[in-house]
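Here the structure comes first, spelled out in C-alpha cells, and everything after it is commentary.
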Amino acid sequence: MNDRPLKRLKTAMIPGRGLLDDAEEKQITNTAVRDWLVAYKDAVYEADDFLDEIAYEDLRQELEAEAQIFINPREIMGLREIEKKSRGLQESLDDLVKQKDALGLINRTGKAPSSPKRQTTSLVDESGVCGRDDNSKAILKLLLSDDANGKNPGVVPIVGMGGVGKTTLAQLVYNHSRVQEWFGLKAWVCVSEDFSVSKLTKVILEAFGSKAEDVSEDNLDQLQTKLGENNSSKAIRRARHFSLVVDTEDKEDMECVFSSTGTSTILENIREAQLLRTFQTFPRYLWCPPEIYNEIFQSTLGRLRVLFMKNGKVASMLSCSTSKLKHLRYLDLSHSYLVTLPEEVSALLNLQTLILKGCKQLATLPDLGNLKYLRHLNLEGTGIERLPESLERLINLRYLNISDTPLKEMPQHIGQLTKLQTLTAFLVGRHSETSFRELGKLQHLRGELHIRNLQNVVDARDAGEANLKGKKHLDKLRFTWDGYTHDPQHVRSTLEKLEPNRKVKDLEIDGYGGRRFPEWVGKSTFSKIVSLKLSRCENCTSLPPLGQLASLEELSIEAFDKVVTVGSEFYGNCTAKEKPFKSLKTLRFEWMPEWREWISDELGSREAFPLLEVLSIKKCPNLTKALPGHNLPRLTSLIIEGCEELATPLPRFPRLLSLDVCECHSLESLPEEIDQMGCSPSDLGKIEIKGCDSLKCVALDLVPNLNYLSISGCLDLESLCAHERPLNDLNSLHSLTIDYCPKLVSFPKGGLPAPVLTELNLEGCSNLKQLPESMHSLLPSLTHLGITGCSEVELCPERDFPSTLQSLEISDCNKLIAGRMQTLPSLSHFEIGRDKNVESLTIDSLQHLNSLNYKGLQHLTSLTSLRISDCPLIESMPEEGLPSSLSYLEIHYCFMLKSLPRLQHLTSLRELDISCCPLIESMPEEGLPSSLFILDIYYCPMLGESCEREKGKDWPKISHIPYIDISTAKK
C-alpha cells in the first residue's frame, strides 16, 4: 500500500495544533472562533479515525495473508479510494488553517499572550505543577459533594495574592477526570476588569454552545432564562465520553433506573451521541440491560475506543459487532458471568487493553494471537486453567495478571513476550528446564513476581536459567512449593539457584522442604530487604541467620514444625558495631508446635531489636521458658496467643502500650504481672485478654490511662478491682467489653467512674446480678450499651440509664427487659433479642429513636403487654413484627408513625390503644383480629375519620369490636 497520501494527511494535521491555544482563549467571546474550533476538532477526529481504519485493514490483510486466507477484493479499500478520502480530509484541514487570518488566530507555540489583561483558558500543563495536591483534593471534595449537585450549589472561592497559582489550581480541578465524569456541562469563562453580569451571562451561554446574538446584553432576564434552558441535547450530540452513573446499591433503585422508562431515556441519549468514543458505568460492577449495548454498537458510527461491559449475558453481542468495533482500544468485561469469550474478540485488531478480572466462570480463552497491539491483559480471579499457545504472538504485551487462577503451567514459548514488564505469577511446568529458560528471556520484568509449583523442578540447575540475579527491577519475590518434596537437598539446591538480585525489597518463601536454607538467605549484602516472610518450612530444624539484614523492618516466621530452639544462629554474626535486627519493627512467630525456648546468650544478641515495636507469638503451645532478656526500649504492642505453657514473668518492656493475651493459663492477675514485666501499668492504653482460665482479677484502679479493655472467656474472673473501696476515676477508658466470664457477679462497689466511656458490652456473664451503679452520673458519655445472655442482671435500684445513650441492644436478659425504661432522650437505636419469659415491655420517651429491631420482638413469646410511647421519630413498624401472645398494645405520641403493623395474626389481642399519631391514615389492610374487645383512638384525625361509625372506609374492619372510643381531642 502506497503510504504517501497518508503521510501528507498526517502532515496536514500539524499546523492547526499551534492555533488551538489562541482559539481556546478567543472562542470565549467570539462565536466564529468557537465554530471554527468545533469544526477543526471534528476534522482532526475524522482524520484520526480514517488513519486508524487504514492501520486496522493493513494489519487484517497481513494476518490473513499469513494464514493463507482468501481475501475478497471487494472487501479491500482500494488505493484510489484511500487517496480520494485522504485528499478530501487533507483539504478540509488545510481550508480550516487558511481561515486563521480572517479569524485573527495566531500560532501561540512558544509565544506569550499579547493582551495587556491576560485572558485565561482551561488548558494547563500539569507536568509543571507541583505541591497543589492537597488544595486540589479539598476543592474536589466540595465540588463533588451532594450539596454541589443540589438545587443551590455553592461557590468555591480561591483567594490569594497574584502569582501564587490560583488560576493554575482552578485549571487542574476543571480538567480533573472526576469533574469530567460528574458534570454534564462545563464552561470556562474569564472575567475581565470590565465586569458586567449581563455580558458574563451571555459569555457563559455561548460557552455552552447556544447562540445569543438575538438577545440584548441589556436584557438580563432573557439571558438568564435562556441559560437555564436545557442545553443537554446539544452536549450529548457532541459527547465523546458517556458515563452511566447510578449512585445506589439498592436493588429496587437499580431496577427503577433500568425500568422501561429509564432505559428508553438512556437509549435516546446514546442515539444522539453519534461521536461516542467512551462508554463506562459507575460503579464499575453496574449491570446494564442488553438494549443499551446493542444501541452502542448500532449508533456510535464505529468510533468507540473504550468500552466497559459488565453484563456477561450480552457479551455474545461482540460476536456480531466486531466490524463496528474496529477502533476499540480498551475492553473491560471484569466481573461478568462469562463462560466463554467469543472467538470474534480476536478480530478487535486495535485492542490494547483486555480486562477479564473476576470472571470466575471463564475457563478458556480463544486464539488471541491476532491482537498484536495488546499491551495489558488482566485474567485475575478467572477460572482459566490453560493459556492459549497463541499468547506467545502478543509481542507488544507489557502486563499479564494471572493471580488467583487455577493455571498449572505457562505457555511453552512465553519467553517470546520480550516486552513484558509485569507478570504476577510464573508456574513451573513438568519440563522445568524449558520453563526457566523462558522465564530467563523476560529481561524487563519489574514489580512483583510469584514463582509457583517449584516441586516440579527436575534438575536444580534448571532454576539458574531464570536469571533472577539479572532482574534488578523486581521488588517483590515469592517462591512457593505447592506439593510434597521428597529430597530436602534437591530443594535446597533449587532455592540456591533462585538467588535474586540484591535490590529486592520484599521476599517470601513458602512450602520450602529443605533442612537448612542456602547461604544467600539472610546474607548481609541483601541490604534492601524490608519485608521477609518464611512459612511452611516443615523440615527446617533451625532458623536462618537474619539479624544482619540492615533494612529489614517486618519479619514473619510461620509453621516451622521441627524447630525446637531459637538461638544465636538466628541473630547471625554479631559484632559490637552492628546490632542484630537493627531496623526491625514487627516480629511475628506463628504455628511452631515444637518450639520450646528462645535463647540469646551472646552479648551482641542481647542488644538486638533496638527499634522493635510489635512482637506477636501465636500458636506455640510448647514454648515454656521465658522470652530472652532483651531490652526492648521501643516495644509498644505485645501479642501472645495459644502459648499455654509460657511462664511469666516476661521480659522488660518499658514502653508497652498495648497487651493482647490469649490462652495463657499461667496468667492470674493484671496488672500485677504487667508490673513484673518492667513496664508501667500507667502507660497501658489497650488490654485484650481471651481464654485465660486462671485469671481472677483485672484491677482497673491500677491501670489509670487504659482506654480500651476487652475480657473474653476468662472462666475464673471474679473482680475488676484490687480492693473493696470505690474505684478512682477512669478518665481515659472509652470502651469496655466483658464476654463469657461466668464467675463475675458484680461491678466494683460504687459503680464505674468512667466519664469518657462511650461503649459498654456485656455478653454471656450468666451470674452477673446488676449493671454498674449510678450509670446516669458516672457514665455521662455512654452512647452504646449492649447486654446479651446475662439472664440474672437487673437495673440498679434507681433503674437508670445515662441520658446520652443512643444505641441499646438487649438479648436474653429476662429480668432486665421486664423493667420499665425511663426517659432516654438521645436513644436512636433499640434492639431486643430472644427473651422468652418477658411478659411486659414499655418503650417510653425515646426522643431520638428511629430504629427499633422489631424482629427481636417476635421472639418474646411470653409477651402479653407492649407499650410504645413518646417516640416521635419512629416512622413505621414492619410487618410480622409482633408476637402472637400479645393481649395489650399501646401506641402513644409517635408523631411520625405513618402506618400500623400487621395485627390480624395477634389472636390473643384484647385491647388496642392508639393516641396522638396524626399521620396514621388507616387500619391494616387485612383488618383486625376477632379477639379484639376494646379499641381506643385519640387525636389521630385521619385514622379517626377512616374509622367513623357507618361512614369511614375502615368501619367494616372494626365494626365487630364491642367497645370503640374515637375522639379527636388530645388524650
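The values are calculated or read from the model by the stated rules, or taken from the named source; none is laboratory data. Predicted, not measured: the structure shown is a model, and the values here were computed from it. A quick note on method: Cβ atoms are made from the backbone with ideal geometry, for glycine too, and the neighbour counts reach across all protein chains shown. The accessibility values were calculated without ligands, DNA or RNA, using every heavy atom of the protein model including side chains. Shrake-Rupley method; radii C 1.70, N 1.55, O 1.52, S 1.80 Å.
Just need a number here: residues in segment 956-971 that are open to solvent by 80 Å² or more (accessible area, probe 1.4 Å), at pLDDT below 90 and not in a loop (DSSP other than H, G, I, E, B).
Qualifying residue count, segment 956-971: 0.
So if I check each of P901, P872, which one is in a loop (DSSP other than H, G, I, E, B), at pLDDT 80 or above, open to solvent by less than 10 Å² (accessible area, probe 1.4 Å) and of a type outside the set (A, V, I, L, M, F, W, C)?
Just one listed residue meets the conditions, P901.
Among the residues of segment 623-633, are any within 13 Å of V566 (Cα to Cα), open to solvent by 50 Å² or more (accessible area, probe 1.4 Å), assigned to a loop (DSSP other than H, G, I, E, B) and modelled with pLDDT of 80 or more?
Checked against the condition, which is being within 13 Å of V566 (Cα to Cα), open to solvent by 50 Å² or more (accessible area, probe 1.4 Å), assigned to a loop (DSSP other than H, G, I, E, B) and modelled with pLDDT of 80 or more, segment 623-633 yields at least one hit.
Look at segment 909-938 and say how many of its residues are in contact with a Ser or Thr (Cβ under 6 Å, 6 or more places away or on another chain) and hydroxyl-bearing (S, T, Y).
So the count comes out to 3.
Which condition number does T907 fail, the rest of (1) open to solvent by 60 Å² or more (accessible area, probe 1.4 Å); (2) farther than 20 Å from L846 by Cβ; (3) under 43 Å from the mean Cα position of the chain (by Cα) being met?
(3)
For residues that are outside any helix (DSSP H, G or I) and closer than 16 Å to S637 by Cβ, scanning just segment 672-686, find the one that is modelled with the highest pLDDT.
Looking at residues that are outside any helix (DSSP H, G or I) and closer than 16 Å to S637 by Cβ, I get K686.
Is it the case that some residue within segment 717-729 is within 24 Å of E644 (Cα to Cα), open to solvent by 30 Å² or more (accessible area, probe 1.4 Å) and in a loop (DSSP other than H, G, I, E, B)?
Yes, some residue in segment 717-729 is within 24 Å of E644 (Cα to Cα), open to solvent by 30 Å² or more (accessible area, probe 1.4 Å) and in a loop (DSSP other than H, G, I, E, B).
Return the total of residues in segment 927-941 being part of a loop (DSSP other than H, G, I, E, B) and either open to solvent by 30 Å² or more (accessible area, probe 1.4 Å) or among the polar types (S, T, N, Q) (or both).
4
If we keep just the residues of segment 487-505 that are among the charged types (D, E, K, R) and either over 40 Å from the mean Cα position of the chain (by Cα) or over 11 Å from F517 (Cα atoms) (or both), which is least open to solvent (accessible area, probe 1.4 Å)?
Filtering first and then ranking leaves E499.
Given the options S807, S845, S803, name the one that is out of contact with any Phe, Trp or Tyr (no Cβ under 7 Å at 6 or more places or on another chain), farther than 14 Å from L760 by Cβ, at pLDDT 75 or above and of a type outside the set (V, I, T).
S803
Could you say whether any residue in segment 405-414 is more than 27 Å from the chain's Cα centre (by Cα), part of a helix (DSSP H, G or I) and either crowded, with 19+ Cβ neighbours inside 10 Å or aliphatic (A, V, I, L, M) (or both)?
yes
Among the residues of segment 426-434, is any part of a loop (DSSP other than H, G, I, E, B), of a type outside the set (D, E, K, R) and in contact with a strand residue (DSSP E or B) (Cβ under 9 Å, 6 or more places away or on another chain)?
Yes.
So if I check each of E91, E57, E53, E64, which one is part of a helix (DSSP H, G or I), open to solvent by 50 Å² or more (accessible area, probe 1.4 Å) and either modelled with pLDDT of 80 or more or closer than 30 Å to K324 by Cβ (or both)?
E91
Being part of a loop (DSSP other than H, G, I, E, B) and surrounded by fewer than 20 Cβ atoms within 10 Å (Cβ to Cβ) is the filter here; which residues of segment 336-349 pass it?
Once the filter is applied, which keeps residues that are part of a loop (DSSP other than H, G, I, E, B) and surrounded by fewer than 20 Cβ atoms within 10 Å (Cβ to Cβ), segment 336-349 yields Y337, V339, P342.
Restricting the first residue to segment 370-395 and requiring it to be closer than 15 Å to M410 by Cα and of a type in the set (V, I, T), which pairs with a second residue that is open to solvent by less than 10 Å² (accessible area, probe 1.4 Å) and assigned to a loop (DSSP other than H, G, I, E, B) meet a Cβ separation below 9 Å and a spacing of at least six or different chains?
I384/L356; I384/C359; I384/L362; I384/I402; I384/L407
Does segment 733-767 hold any residues that are touching a Leu at 6+ places or on another chain (Cβ under 8 Å), surrounded by fewer than 18 Cβ atoms within 10 Å (Cβ to Cβ) and assigned to a loop (DSSP other than H, G, I, E, B), and which are they?
Correct list: H734, P742, K743, V745, S746, G750, P755, V756, T758, N767.
Suppose the filter is assigned to a loop (DSSP other than H, G, I, E, B) and among the small types (G, A, S); does S781 pass it?
In short, yes.
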